[in-house]
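I have placed the structure first, in the form of structure tokens, so that the comments after it can refer back to it.
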Amino acid sequence: MAKYEFIDSQRKHAHPGWTVVNMCAWLEVSKSGYYNWRFRPQSATAARRQALTARVRHFFEESDGTYGYRRIHADLAEEGTEASPELVRQIMRDEALYPCQPRPRRVTTIPDDDAADIPDLVQRDFSADRPGVKFVGDITYIHTWEGFVYLATVIDCYSKKVVGWSLADHMRSELVEQALLNAAATTRIEPDAIWHSDRG
């Protein structure tokens, strides 16, 4: 049966010269045996597995590709579909359904309860009539093979371009200070310019 399955899988790719006749000869099986296998009635076991595979794929896609076999097994059990956890795991492996678990969110804004309120001078207006008068920025994190790094950016509201940035493995004030220094080195900043972050 394994030889027939191989022939059937390669037949769909239409490799030059890989005809059913040639592959049967190479694998020393009869052409009639292959066609008898291919057009045989589907067994009850195969039909059940095909239906189960469809339900596994359904729950996997419903989870946006985040559910592993345990969660999908629980969903199957809840709807009344019987299947062992190991069978669900095998189906997911055969169908290349590998879950991608969302990483925990990193907090990049830590408010200081003792700090005075800072007025919002931008008021959701992120436009500017000339460069160097209004800037916005924020800190985001990037996951690397060696851990998290943090990126601070400075964006000119006039050009919408990043005019300064800084990258470090911490979120101390020096991270933002360096981004602002880089911005000052690449663009003119007016004396009364506004700097707006997510804390005002």
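Observations on the model:
- In this label model, Arg93 and Thr45 are separated by 1.8 nm, measuring between points 7 Å along each Cα→Cβ vector.
- Mean Cβ neighbour count within 10 Å, used as a protection proxy, ranking 120-129, 63-72 highest first: 63-72, 120-129
- Annotated for the chain: lysine pairs at least 8 residues apart or interchain, Cα distance under 16 Å, count 4.
- Protection proxy ranking of 167-178, 139-150, by the mean of other Cβ atoms within 10 Å over each peptide's residues and highest first, is 167-178, 139-150.
- Cα pair distances in the chain, grouped into 5 Å bins until the bin that holds the longest one, percent each: 1, 6, 10, 9, 8, 8, 7, 7, 7, 6, 7, 7, 6, 5, 4, 2, 1, 0
- Here the extension length gained between Trp145 and Leu167 equals 6.4 nm, from 0.36 nm per residue of separation less the Cα-Cα distance.
- Sequentially through segment 159-176, phi angles give Karplus couplings (6.51, -1.76, 1.60; θ = phi - 60°) of 8, 6, 9, 6, 9, x, 7, 8, 10, 7, 9, 8, 10, 6, 4, 4, 4, 6 Hz, Gly and Pro residues having no value and appearing as x.
Every read-out reported here was derived from the displayed coordinates using simple, explicitly stated rules and does not represent laboratory data. Because the structure is a prediction, the values reported are computed rather than measured. Backbone-built Cβ (ideal geometry, glycine too); neighbour counts: all protein chains shown.
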